[in-house]
Amino acid sequence: MKKNLGILGILLAVCVVASIFGDNFLTGYNLQNLTQRSALFGILALGASVVIVTGGIDLSIGSVVCLAGISVPWLLVEHEWSPWAVVPAVLAGSALIGLFHGLLITRLRLQPFLVTLCGLLLYRGIARWMTGDQSQGFQGEFDSVRALALARFPVGLEAYSVPATVIPLVLLAAALAVFLRRTVWGRWLLATGRNESAARYSGIPTDRLVTGAYVACSLFAGLGGMLFIFDIGSAQPSDFGNFYELYAIAAAVLGGCSLRGGEASVVGVLLGAATLQVLRTAIILLGLSSQLEFAVIGAVLLVGVSADELVRRLRERRAERAAAP
Amino acid sequence: MSVDRPVLLSARGLGRRYAGVSALRGVDLDIRGGEVLAIVGENGAGKSTLLRLLSGVVAPSEGSLQVADASAGIALVHQELNLAENLDVAGNIFLGREPRTAGFLNLRAMHGDARRWLATVGLYIDPATPCGALPIAHRQLVEIAKALSANARILILDEPTSSLTAPEVERLLAIMADLRARGTAVVFVSHHLDEVLRIADRVVVLRDGAVTGTLARGDFDRSTLERLMVGRDLAPAARRAASASADPARARNSTADAPAADSARHPTIRLRADAVVTRHHRRRAVSLQVRAGEVVGLAGLVGSGRTELLESIAGIVPHGGRVCLDGGAVAAGAVARTRAGIALVPEDRARNGILADEPVSTNVSLAWIDRHSHRGRIDAPGERTLVRSVVDRVLLRPADPARTVRTLSGGNQQKTVLGRWIAVQPAVLLLDEPTRGVDVGARAEIHAEVRRLADAGAAVLFASSELEEVLMLADRVLVMHDGGIAGELALHEATEEAIMHLATGGAA
């Protein structure tokens, strides 16, 4: 809970700085845009956090975003599939990718880092080969499907409406929060992340849980990829989704997930995802060179996790002193 | 007599707090060369804290430590051994101090020196052996050799004999005596008072973080030490363990027809292992059966295959043969076995038992939650009630379900793991070294709980390296040797001599 307040503090601080020094931060257009991007990256970050909870990692998120996203216009436009077939097919394909990762990790006992690093290369390569490395787009059609990402819901404000992507984000976040805190499988997933061996000795089906976590992560990435392409309309297979896994992992870590596993906060992850997007916008609005983007994000992440560690130690020491006679 | 020995290290008013809680306070202590000093006390009494302070691993919160001679090294050999398993013996001994020639490792010098230091601890093995391939007893000697090679004048051993077999203990005690004769100060913690009585020149007794007595040789005997450790006569605790198994037929010297009476009293065969073959002993098949309400002890030397057998029955490791519960075969795998009611309290609780960073409540309810959930939803009020009752039943100290398990003493961590299974009332309870590193008081309480589960109908099979524990807890003893069952002893036949005879390969 306190961790969430910390990351909320960082988010508000960046917002305040950006609105004071940047002219267009507090405009409806910008805020609407930020909400959209935070929601999209939030979905990826939620997926990443499920895997991080088990003590694993998924580096293939960006490539899955690309492959799933690119497949949508490719199937709709080039192969003239029905949207009713494309959406389930792409989601099922994404889930299969996760299953593939999960089985390699739990059955062959390969390391998650290795498996998903290979995935990163594999799916990007497939996407580029499949499309002949050509840009894929909707060519002005399929607006009814694209509405899944492009629809806006007025909330009584003149310049600001809520983007449609907020709906899947809220649904997924709520489901994940309930899953982790209230269900047997969620509790077991956390236990597996804390000590996989002890969980196994307690009769917990750890292999199925871990596999399930990778399925969920890739499924979230596939859904995110679809919503991304609906939002932007067209994309290049060579760069679409590049580094998105790092935004997702960074958001999860900023939001309080321990890479050692066993710890996660859904609210924290959402705040982490939002913070990164606000930062990216702020860099542009403040007139900093956009080439600095990665450097700024890296620095903020480093400061964030260092501060968290220092505060934790300080609190421990204070508790020790307070209890002294 | 010890006055003329040089004081190497002296502590005055030494104390340490963790998160505000005092783990140790007001310790005055002199450590002298050429002396074996034993530190005894129940778990949670502050022994480990004292060792960490003496060896400089943690800084004192109060008081002072004076070192007589700055060049006199202090080395701590942990209960969990700290060797790099991928390096060879010589590499471990000289880790960080490798002899070098022009910047490159001088392997010849390293192996030669290593061989010399190994000889001082009576270990004649090839220094090029990888440490991961050594048995625990040898690793421990390697650690001691490493400490000596680093010029340690004070050698601190934390429960050095807890994983050793009887002959290995003998050897270690001889080495300790040898080091003492050469002027080294040897400080050790042990739960085995026999060893303390045999070798210690002085004994420091701790209770609840304070010294309750420092006794020189001649001033201590078993009952004095036990009284100082527990703060009361041990008889009540012992009586409790006995009364928990309040069954007149269990009396030690029952008649020769005891086996017949045994099967009459425990009619149903609950657990049956049919020709179970474990991975480490492929040529040996083990068959055994345990009746409902029966407690069977599995004795044997380290490496005789007890852990592999228990883990096979629990489904943790794959095995050949069949495991049957109440006459029906149970599918393979820990998930199926646990669901069927076969539970294992593992030997290595830190690695395989506890979730150290979770509260007691999560640890205790881990196996219970899915059996009492509503379509996957955790029954939160039910969970609280359950945890409360388990914590009270196993006499957890402190009786706080919100307490992080890492901060509990070894005995209370073990009670937490046992509590996880008490919560689900298993049909078969397997325990591997149920009271390793557990103090006398908690040991009796754990034994009582095991007996209670058996009285409620569970079949209990436990492995223990401590003959005393086997004889105290078991209704019947199976002795393992080299992966197979070397013999079975009824209660009236089971003596330490008979068990050791079978365990060391003697004819049945």
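Net charge within 15 Å of A:Val77 by Cβ-Cβ distance, Lys/Arg positive one each and Asp/Glu negative one each, not counting A:Val77 itself?
On the way: positive: A:Arg146; negative: A:Glu78, A:Glu80, A:Glu141, A:Asp143.
Local charge sum for A:Val77: -3.
Of all DSSP beta bridges in the protein assembly as shown, what percent run antiparallel (nearest 5)?
Just about 55 percent of them are antiparallel.
Which of A:Gly98, A:Gly222, A:Gly298 moves most in a GNM of chain A, Cα contacts under 10 Å?
For chain A, modelled as a Gaussian network with Cα springs under 10 Å, the answer is A:Gly298.
In the Gaussian network model of chain A, springs joining C-alpha atoms below 10 Å, which of A:Val86, A:Val72, A:Val253 carries the largest mean-square fluctuation?
Among A:Val86, A:Val72, A:Val253, the largest GNM mean-square fluctuation belongs to A:Val86.
By the gyration tensor of its Cα atoms, with a ≥ b ≥ c the square roots of the eigenvalues, what is the shape of the range B:294-431: rounded for a/c under 1.5, prolate for a/b over b/c, or oblate?
Numbers: a/c = 2.15, a/b = 1.37, b/c = 1.57.
Note, shape of the range B:294-431 comes out oblate.
Using only Cα atoms, find the angle between the long axis of helix B:107-120 and the longest principal axis of chain B, and express it within 0 to 90 degrees, rounded to the nearest 10.
Long axis of B:107-120 versus the principal axis of chain B: about 80 degrees.
Residues in the range B:119-154, backbone N under 19 Å from the label point at B:Ala70 (7 Å along the Cα-to-beta-carbon vector): list them, ranges by number please.
B:151-154
Calculate for chain A the 222 nm mean residue ellipticity that helices alone would give, adding -39,500 (n - 2.57) per DSSP H run of length 4 or more and normalising by residue count, nearest 500 deg cm²/dmol. Can you show the working numbers first?
Working: 13 runs with 233 residues, N = 325.
Calculated at 222 nm, the ellipticity per residue is -24500 deg cm²/dmol.
For the range B:133-211, which GluC sites (Glu not before Pro) are in a loop by DSSP, counting at most 12 other Cβ atoms within 10 Å? Kindly include the intermediate steps, with their values, before the conclusion.
Details: sites: B:Glu143, B:Glu168, B:Glu170, B:Glu195; in loops: none.
Passing sites in the range B:133-211 do not exist.
Of the candidates A:Gln32, A:Gln236, A:Gln291, which one comes out as most mobile in a Gaussian network treatment of chain A with C-alpha springs shorter than 10 Å?
A:Gln291
How high is the relative contact order of the range A:2-315, in percent, with contacts defined as C-alpha pairs under 8 Å that are six or more residues apart? Numbers along the way, then the final one.
Values: 517 pairs, mean separation 113.3, N = 314.
Relative contact order for the range A:2-315 comes out at 36 percent.
DSSP loop trypsin sites (Lys or Arg not before Pro) in the range B:282-359 with at most 10 other Cβ atoms within 10 Å of their Cβ, which ones? Please list the in-between numbers first.
Numbers: sites: B:Arg282, B:Arg283, B:Arg284, B:Arg291, B:Arg306, B:Arg322, B:Arg337, B:Arg339, B:Arg349, B:Arg351; in loops: B:Arg282, B:Arg283, B:Arg284.
Those satisfying the criteria are B:Arg282, B:Arg283.
Mark the label point 7 Å from the Cα of A:Val303 along Cα→Cβ and return the residues of the range A:1-33 whose backbone N is within less than 17 Å of it.
Residues A:6-22 qualify, since their backbone N sits under 17 Å from the label point.
Filter the DSSP H helices in chain A by two things, a Kyte-Doolittle mean of at least 0.0 and an axial alpha-carbon span of 30 angstrom or more, and list the hits by number.
Working: long enough: A:28-53 (36 Å, 0.98); A:83-106 (34 Å, 1.69); A:206-232 (39 Å, 1.27); A:293-323 (45 Å, 0.26).
The answer, listed by residue number, is A:28-53, A:83-106, A:206-232, A:293-323.
Does anyone have the angle between helix B:440-455 and the longest principal axis of chain B? Alpha-carbon axes, 0 to 90°, nearest 10?
For helix B:440-455, the angle is close to 10 degrees.
Restricting to Cα pairs below 8 Å that are 6+ residues apart, what does the relative contact order work out to for the range B:355-425? Please round to a whole percent.
Relative CO of the range B:355-425 lands at 49 percent.
Counting only DSSP beta bridges with both residues in the range B:95-240, tell me the antiparallel percent, nearest 5.
Details: 8 of 13 bridges.
Rounded to the nearest five, the antiparallel share is 60 percent.
Report the FRET efficiency, 1/(1 + (r/R0)^6), for B:Thr407 and A:Asp133, where r is their Cβ-Cβ distance and R0 is 56 Å, rounded to 0.05. Write down the numbers at each step before the final one.
Values: r = 57 Å, r/R0 = 1.02.
It comes to 0.45.
Between the alpha-carbon centers of the range B:398-425 and the range A:1-79, tell me the distance in whole angstrom.
Distance between centres, Cα-based: 41 Å.
Quickly estimate the mean residue ellipticity at 222 nm for chain B, helices only: each DSSP H run with n ≥ 4 gives -39500 (n - 2.57), and the total goes over all residues, rounded to 500. The partial results should precede the final answer.
Values: 17 runs with 171 residues, N = 508.
The per-residue figure over chain B is -10000 deg cm²/dmol.
If you filter the range A:31-115 for trypsin sites (Lys or Arg not before Pro), then keep DSSP loop positions with at most 13 other Cβ within 10 Å, what is left?
A:Arg107, A:Arg109
In degrees from 0 to 90, rounded to the nearest 10, what is the angle of the helix B:410-422 Cα long axis to the longest principal axis of chain B?
For helix B:410-422, the angle is close to 10 degrees.
Once a ≥ b ≥ c are taken as the square roots of the eigenvalues of the Cα gyration tensor of chain A, is the result rounded (a/c under 1.5), prolate (a/b larger than b/c) or oblate (a/b not larger than b/c)?
On the way: a/c = 1.84, a/b = 1.14, b/c = 1.61.
Because a/c hits 1.5 or more and a/b fails to exceed b/c, chain A counts as oblate.
Hey, got the dipole for chain B? About the Cα centre, +1 on K and R Cβ, -1 on D and E Cβ, debye to the nearest 20? Numbers along the way, then the final one.
Values: 60 positive and 59 negative charges, 203 e Å.
About 980 debye.
At what distance in angstrom do the alpha carbon centres of the range B:292-360 and the range A:149-216 lie from each other?
Their Cα centres are 33 Å away from one another.
Under 18 Å between alpha carbons, and skipping anything fewer than 8 positions from A:Lys3 in its own chain: which aspartates and glutamates qualify?
Within the straight-line cut-off, A:Lys3 pairs with A:Glu263, A:Asp308, A:Glu309, A:Glu316, B:Asp357, B:Glu358.
Quick one: putting +1 on the C-beta of Lys and Arg, -1 on the C-beta of Asp and Glu, what dipole do you get for chain A around its Cα centre, in Debye to the nearest 20? Could you put the intermediate results ahead of the total?
On the way: 23 positive and 19 negative charges, 307 e Å.
So the dipole magnitude of chain A works out to roughly 1480 debye.
Among bridges DSSP assigns within chain B, what percent are antiparallel (round to 5)?
Values: 42 of 79 bridges.
Looking only at bridges with both residues in chain B, the antiparallel portion is about 55 percent.
So how strong a dipole does the range B:7-236 carry about its Cα centre when Lys and Arg Cβ are +1 and Asp and Glu Cβ are -1, to the nearest 20 debye?
480 debye
Of B:Leu123, B:Ser71, B:Ser55, which is farthest towards the positive pole of the range B:7-236's charge dipole, taken about the Cα centre with +1 and -1 on the beta-carbons of Lys, Arg and Asp, Glu respectively?
Going by the Cα projections, it comes out as B:Ser71.
Once you sort the root eigenvalues of the Cα gyration tensor of the range A:1-98 as a ≥ b ≥ c, which label holds: rounded (a/c under 1.5), prolate (a/b larger than b/c) or oblate (the other case)? Intermediate values should be presented prior to the final figure.
On the way: a/c = 3.56, a/b = 1.55, b/c = 2.30.
Oblate, because a/c is 1.5 or more while a/b does not exceed b/c.
Taking 8 Å as the Cα distance limit and 6 or more residues as the minimum spacing, I'd like the relative contact order of chain B as a percentage. The partial results should precede the final answer.
Details: 993 pairs, mean separation 76.8, N = 508.
15 percent.
Computed from the coordinates by the stated procedures, all read-outs in this text should not be read as laboratory data. Keep in mind it's a predicted model, so treat the numbers as computed, not measured. Because the Cβ atoms are built from the backbone with ideal geometry, glycine has one as well, and the counts that use them run over all protein chains shown.
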